[in-house]
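See below for the structure under consideration.
The values are calculated or read from the model by the stated rules, or taken from the named source; none is laboratory data. Since the structure is predicted, the reported quantities are computational estimates derived from the model, not experimental observations. Don't worry about glycine lacking a Cβ; one is built from the backbone with ideal geometry, like all the others, and counts go over all protein chains shown. Just the protein is used for accessible areas: all its heavy atoms, side chains included, with ligands, DNA and RNA removed. Shrake-Rupley method; radii C 1.70, N 1.55, O 1.52, S 1.80 Å.
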Amino acid sequence: MSYRSVLLLLAATLVTTPLSAQTRKTPTTPVSKKWTPPRTPWGDPDLQGTYSNTSENGTPLERPEIFEGRKLEDIKGDELLAVKREAQKRTIENFQGPLHAPDGWWQPDLNMVKGTQAWLIVDPPNGKLPPLTPEATQRTAARAAARRNSGRGPADSWEDRSLYDRCITRGLPGSMMPAIYGNSYQIVQGPGYVAIIYEMIHEIRTIPLDSRPHAGSATRSYMGDARGHWEGDTLVVETTNFRDEGIYRNANPATLRLIERFTRTAPDVVKWSVTIDDPATWTRPWTFSMPLSKDDSGAVCGFVRYRRSL
């Protein structure tokens with residue numbers, strides 16, 4: 001590079017460098033600023049992106065007995081890492097090929113050691129499911145008895161298989177519960193609406209934010225009827241009107257109410273929490289929570305891979 005070129009480059013740098021940077025004399029320790037969630041052009045908190053919770057696959061819903069008396073936040077560092085490594089090893093061993101799937105199909109993308117929780121239930125504080133109501137116990141027993149007395153085997157007809165087996169639905173909140181693969185979820189937003197696309201079974205929920213009432217009780221679906229609103233930076237979604245088929249944990253579809261909260265806590269993380277409120281099934285509401293980590297690479301997202309191949 002010629003001397004003249006160097007001068008021109010230096011002059012251009014000085015012209016484009018802010019005056020404060022040119023006059024700075026002594027380096028100072030940067031002041032950490034609180035991260036501010038981004039906003040959409042119309043002013044709503046921006047949750048958009050493709051997320052995954054593959055790393056929480058194998059995380060038990062309830063607190064394991066080995067952690068009795070301890071808090072969720074106490075299980076961290078090397079102790080949590082050891083738990084996750086053992087869970088990953090056990091999961092891969094339970095699905096050895098070629099019976100379940102070819103080796104090397106989903107296994108390379110399974111990284112459970114990145115998981116951040118030892119269990120999922122955050123309320124009650126003991127990490128355990130609340131007791132069932134007498135009504136729920138009777139309802140569960142009646143369903144089991146009806147199945148036994150039907151005279152049918154587990155697969156005499158396609159109707160004997162679950163909705164998940166038949167690739168119809170995983171229901172709610174099942175559609176966002178982690179499995180060994182297919183744990184990608186795309187959140188898209190528009191003025192007055194949020195939509196969530198689920199990789200597994202490719203279901204889509206469209207959530208209106210305009211304060212409209214729920215549909216009438218005669219209108220029911222596998223994923224329920226969702227209504228959302230913002231509480232600060234958190235998207236709160238209340239879902240009711242479930243069908244009996246595929247209902248979550250044998251709940252009562254007439255009384256089940258799910259309250260989801262989506263909060264972007266970092267540029268690449270959305271916290272997802274779900275409160276299950278069904279007074280006909282449990283003696284009190286209960287809540288589980290987990291992080292959704294942003295992953296726009298398509299490495300674990302089948303529908304992103306497909307879209308990018310077009």
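Residue by residue through the stretch 257-267, note down the ones that are open to solvent by 20 Å² or more (accessible area, probe 1.4 Å), touching a residue at least 40 places away in the same chain (Cβ under 8 Å) and in contact with a strand residue (DSSP E or B) (Cβ under 8 Å, 6 or more places away or on another chain).
Across the stretch 257-267, the qualifying residues are Arg264, Pro267.
Please indicate, with yes or no, whether at least one residue in the stretch 205-215 is within 18 Å of the chain's Cα centre (by Cα) and either farther than 24 Å from Gly190 by Cβ or in a loop (DSSP other than H, G, I, E, B) (or both).
Among the residues of the stretch 205-215, not one is within 18 Å of the chain's Cα centre (by Cα) and either farther than 24 Å from Gly190 by Cβ or in a loop (DSSP other than H, G, I, E, B) (or both), which makes the answer no.
Scanning the stretch 72-98 for residues that are within 22 Å of the chain's Cα centre (by Cα) and open to solvent by 80 Å² or more (accessible area, probe 1.4 Å), which turns out farthest from Pro131 (Cα to Cα)? Give the derivation first.
To start, the set of residues in the stretch 72-98 that are within 22 Å of the chain's Cα centre (by Cα) comprises 72-73, 75-76, 80-81, 83-85, 87-88, 91-92.
From the residues that got through so far, the ones that are open to solvent by 80 Å² or more (accessible area, probe 1.4 Å) too are 73, 76, 85.
On the way: Glu73: 24, Lys76: 28, Arg85: 31 Å.
The residue in question is Arg85.
Which pairs do you get when a residue that is outside any loop (DSSP other than H, G, I, E, B), found in the stretch 32-49, comes within reach of a residue that is among the small types (Gly, Ala, Ser), reach meaning Cβ atoms under 9 angstrom, with the pair 6+ apart or on two chains?
Pro45/Gly232
Just give me the residues in the stretch 212-248 being of a type in the set (Ser, Thr, Tyr), open to solvent by 50 Å² or more (accessible area, probe 1.4 Å) and under 18 Å from Tyr164 (Cβ atoms), in sequence order.
Tyr222
Pick from the stretch 113-128 the residues that are open to solvent by 40 Å² or more (accessible area, probe 1.4 Å) and part of a loop (DSSP other than H, G, I, E, B): which of them is farthest from Glu65 (Cα to Cα)? Write out each step before concluding.
Here is the first cut: in the stretch 113-128, the ones open to solvent by 40 Å² or more (accessible area, probe 1.4 Å) are 113-114, 116, 122-123, 125-126, 128.
Right, trim to part of a loop (DSSP other than H, G, I, E, B) and you get 116, 125-126, 128.
Working: Thr116: 18, Pro125: 14, Asn126: 11, Lys128: 10 Å.
Residue satisfying both the conditions and the ranking: Thr116.
Just give me the residues in the stretch 50-102 being touching a helix residue (DSSP H, G or I) at 6+ places or on another chain (Cβ under 8 Å), of a type in the set (S, T, N, Q) and assigned to a loop (DSSP other than H, G, I, E, B), in sequence order.
Within the stretch 50-102, Asn53, Asn57, Thr59 meet the criteria.
Please identify the pairs in which a residue from the stretch 216-242 that is hydroxyl-bearing (Ser, Thr, Tyr) has its Cβ atom under 6 Å from the Cβ atom of a residue that is assigned to a strand (DSSP E or B) and at pLDDT 95 or above, counting only partners at least 6 apart or on another chain.
Once the first residue is hydroxyl-bearing (Ser, Thr, Tyr) and sits in the stretch 216-242, its partners that are assigned to a strand (DSSP E or B) and at pLDDT 95 or above give Thr234/Arg261; Thr234/Thr263; Thr239/Ala226; Thr239/Leu258; Thr240/Asp225; Thr240/Arg257.
Suppose we filter the stretch 216-226 for residues that are within 18 Å of the chain's Cα centre (by Cα) and in a strand (DSSP E or B); how many remain?
1
Output the residues belonging to the stretch 129-159 that are out of contact with any Phe, Trp or Tyr (no Cβ under 9 Å at 6 or more places or on another chain), in a helix (DSSP H, G or I) and of a type in the set (Gly, Ala, Ser). Before the answer, list the steps.
Here is the first cut: in the stretch 129-159, the residues out of contact with any Phe, Trp or Tyr (no Cβ under 9 Å at 6 or more places or on another chain) are 134-135, 137-159.
From what is left, the residues that are in a helix (DSSP H, G or I) are 134-135, 137-149, 158-159.
Passing the criteria: Ala141, Ala142, Ala144, Ala145, Ala146.
Read through the list (1) open to solvent by less than 100 Å² (accessible area, probe 1.4 Å); (2) modelled with pLDDT of 95 or more, then give the number of the only condition that Arg39 fails.
(1)
Being more than 20 Å from Val269 (Cα to Cα) and acidic (Asp, Glu) is the filter here, so list the residues in the stretch 185-215 that pass it.
Glu203, Asp210, listed by residue number.
Applying the selection to the stretch 180-202, what residues are hydroxyl-bearing (Ser, Thr, Tyr), open to solvent by 30 Å² or more (accessible area, probe 1.4 Å) and touching a Phe, Trp or Tyr at 6+ places or on another chain (Cβ under 9 Å)? Break it down stepwise before answering.
Of the residues in the stretch 180-202, the ones hydroxyl-bearing (Ser, Thr, Tyr) are 181, 184-185, 193, 198.
When the remaining residues are screened for being open to solvent by 30 Å² or more (accessible area, probe 1.4 Å), the result is 181, 193.
Once the filter is applied, which keeps residues that are hydroxyl-bearing (Ser, Thr, Tyr), open to solvent by 30 Å² or more (accessible area, probe 1.4 Å) and touching a Phe, Trp or Tyr at 6+ places or on another chain (Cβ under 9 Å), the stretch 180-202 yields only Tyr181.
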